[in-house]
Amino acid sequence: QWLSDRKKRALQKKDVDIRRRIELIQDFEMPTVSTKIKVSRDGQYIMAVGTYKPRVRCFDTYQLSQKFERCLDSEVVTFEILSDDYSKIVFLQCGRFVEFHSQHGHYYKTRIPKFGRDFSYHYPSCDLYFVGASSEVYRLNLEQGRFLNSLQTEASESNVCDINPVHFLFAMGTAEGKVECWDPRTRNRVGLLDCALSSVTADTEIEGLPSISALKFDGALNMAVGTSTGQVLLYDLRSSNPLIVKDHHYGLPIKSIQFQHQLDLIISADSRIIKMWNRDTGKIFTSMEPEHDINDVCLYPNSGMLMTANEAPKMNIYYIPVLGPAPKWCSFLDNLTEELEENPESTVYDDYKFVTRKDLENLGLAHLIGSSLLRAYMHGFFMDIRLYHKAKMMANPFAYEEYRREKIRQKIEETRAQRVQLKKLPKVNKELALKLIEEEGEEQQFTKKRKQKNLPSLLKDDRFKVMFENPDFQVDEQSEEFRLLNPLVSKISEKRKRKLKVLEELEAQGQEEEEEPEGKASDAESSESSDDEKGWVEEVRKQRKLLRQEEKLKRQERLKEDQQTLLKPQFFEIKEGEEFRSFKDSAKKQKLMKKTLEDRLKLEEKLGTLNVSDTTVGSKQATFKLKKSEQQRKQQEAEKRHRQERKTLRRSANHLKSRRGRGRLFH
C-alpha cells in the first residue's frame, strides 16, 4: 500500500505469477466500473454493462475479442438476454426506462411508473415482471406490447425477483425481509417466507432489520436467499424453515448467489469476498478476496470458470479446475494448469524486511513501534532493509564474520566429502556411533551370507544427522535415566550378538531353521532368558542403590555448607494496616509486587496454580487452583492413611479366608 506505482511496476516485472498471467479475452474491461456481467445461453457471448459513460460491451468467445460496444442514455441497473445469442436484450435503467435492443442496435424504449430495481422474464406468457420502489409488481407483455394489470403485494418496496425455471413460480424479496411467492397463472400469492426472522441465529449479530438482497432458484424445490446483513439461507419450498443458514461475517449485503451442481456447492458473494461452500454441511470449500469491491459474479455454465464485475476497469476471470473443465473456447487452460508448478513462490520485497516483535526487541528497536519507520502487517512489521542492516551491525558487529567463517567451514567439509574418506568418528556421541558401526558390520556380514538386502545406516540417514553434530544431543552417561536403562540395553545387545552367532553355526551345520532356530531345546532357551532377566534386574538394583547413596552425600554436603554460612540479622518495617505472618511471605509479596502482571502469571503457570489458554474465538481463558491450607493437607493425608489401612485389612481377611477354604478341602 505504501509502495509507489513505479516500485510496484518494477516488482511486477520480477513476479513469476504476473509473467505467467494469460489474457484470455482481449480488452476485457470497462472505462471506469463494471456493474453487471452475464453469459448468453449458447455460451458464445459474454455481455457486460458499466460506466462511464454508460455502455454495454459484447465479447465473442470464439474470437477472444470484443464484438461490439453500445453507449446508453443512463446507467443500467440490470439487464437480461432473452435470446440464445445477443439478438434480444432488455435493459432496466436508472431513470425508470426500459430499453430493448435487437441485433442491429436500439429497438424500443418505454417507462415504468416507479423506479425499478430488478426484473424477470416469464417465458410461457412473454411477460416481464418489474419490482422496485413500490408495493406493485408491474407486468409488461412483449407479445401484445402493452402493460397488464400489476400484482398488488403487502411489501412497501421490493429489491429482487426470480422465476423458477421448472414450474415458473414467481418469487420476490422485499425490504421487510420477506419472500413472497406468486403463481403467474392465477396471479395470486401462494406463499410467504419470513427470512429476516430465520436469518437471526445464536451466532449472528445484526444491526437493524435484514432485507432481501439476492434470490436464486435451483431446480423445482430449492431456493437460496441472500440478506442485506450478510446471511445466505437455503430453503426447500415445502418448508418454511431454512435447511441451512450461512453467515459471511462481514455484515455486507449479498450481491450474487450461484449453484454449482458437480460438487454440490453454493457460490455466494458480497462486495468483499466470494465464498464457495457445501450446500448440505455449510463447510467452506474455498474463498476468493479480490483487490477491488465486487458488483456481480457470473459462473460460466458447465465449467470451472468464474467472472466478476468489479469497482475497477478490469473485469476478473478465475479458473478453478476442481469445479469443472475449461470451456471449449479456452480448452488450452487444462494443459497449462497441469504444467504449472504446484509449489507457490513467495513474493520477496528487496527494499523491505519483515520482522516480528521479538526480532525488534533483540535488535533494540522496540521503541520504533507506532512510528512511520515500521509498517504493521499481520503478526509483525515491515521495515526498511537498510535500517535493518544498520541495527543488526550495531547489535552484533561480528555476526558477518561468524557467518563467513561458518560458510567457509561448510565449503571445506563439502570438498573433503569428495575425497577418499577414512572411518572417522563424529565429534558428538562418539561411543554411540562406534556401537552402531560395530553392529552394522556384524549385520552386513550376516546378510551377505544369507543374500539379503542391507538395511539403511543410521549414521548416513539425514533425519538423525543432527544427533552426531549438535552438542545439545550429547548423551549424558551420568544421568539417572541412562544409568537405569544401560543394563537393559547392554543385555539386549549381548542377546542379539549371541543370536547372530547361533544362526551362523546353524547355517554352517546345514540344519533347517524351522525345527529349532536357536539350535537349543526350548527349555534351555527359556532358562537362559530367565537367567538374563535376573542378571539385568540385579544390575538395575545396584545402580539405584548407588544413585541413592550419591543423593545422600549431596544432601550432607549441602547441610555442611548451610551450617558454615553465618546468618546476619535483618530488620523489616511493617506498613500500616498490614499484619505480620512470616518473613518468607513478606519477602515473596515484595518480589511479586515489583514484577509485572505478565511475570506474575508466568510464575503461577510454572507452579501449576494457573493455566492460560487460547479459545476458538481468539480470547484468553484462565483457570486457577486455590492454595490448600495446612489443615486441609493434614486432613487429606489422614484420609489417605485410613484408606491404605483398610486395604491392608481387606487383603489379610481375604488371605485368611482362602487358607481356611484350603484346609477344609484337605480334611
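Couple of notes before you dig in:
- Strands (runs of 3 or more DSSP E) contained entirely in the stretch 35-116, each with at least 2 residues that are at pLDDT 90 or above, charged (D, E, K, R) and open to solvent by 30 Å² or more (accessible area, probe 1.4 Å): 55-60, 65-71, 106-111
- Residue match in the stretch 263-273 (condition: out of contact with any Phe, Trp or Tyr (no Cβ under 9 Å at 6 or more places or on another chain) and more than 21 Å from GLU136 (Cα to Cα)): yes
- For ALA622, the conditions (1) modelled with pLDDT under 65; (2) under 30 Å from HIS249 (Cα atoms); (3) surrounded by 10 or more Cβ atoms within 10 Å (Cβ to Cβ) are fulfilled apart from (1).
- Search result, residues across the stretch 164-183 that are open to solvent by less than 20 Å² (accessible area, probe 1.4 Å) and either within 16 Å of TYR235 (Cα to Cα) or not in a strand (DSSP E or B) (or both): ASN164, PHE170, ALA171, MET172, GLY173, GLY177, VAL179, GLU180, CYS181
- Restricting the first member to the stretch 70-90 and to residues that are not assigned by the TED database to the domain that holds LYS36 and among the charged types (D, E, K, R), and the second to residues that are open to solvent by 50 Å² or more (accessible area, probe 1.4 Å) and modelled with pLDDT of 95 or more, no beta-carbon pair is closer than 6 Å while six or more apart or on different chains.
- Qualifying residue in the stretch 249-264 (condition: more than 25 Å from the chain's Cα centre (by Cα), buried (at least 19 other Cβ atoms within 10 Å of the Cβ) and over 22 Å from LEU306 (Cβ atoms)): no
- The sole residue among ILE273, ILE244 that is hydrophobic (A, V, I, L, M, F, W, C), under 21 Å from PRO210 (Cα atoms) and touching a Leu at 6+ places or on another chain (Cβ under 7 Å) is ILE244.
The values are calculated or read from the model by the stated rules, or taken from the named source; none is laboratory data. What you see is a predicted model; the values in this text were computed from it and never measured. Cβ atoms come from the backbone with ideal geometry, glycine included; neighbour counts cover every protein chain shown. Just the protein is used for accessible areas: all its heavy atoms, side chains included, with ligands, DNA and RNA removed. Shrake-Rupley method; radii C 1.70, N 1.55, O 1.52, S 1.80 Å.
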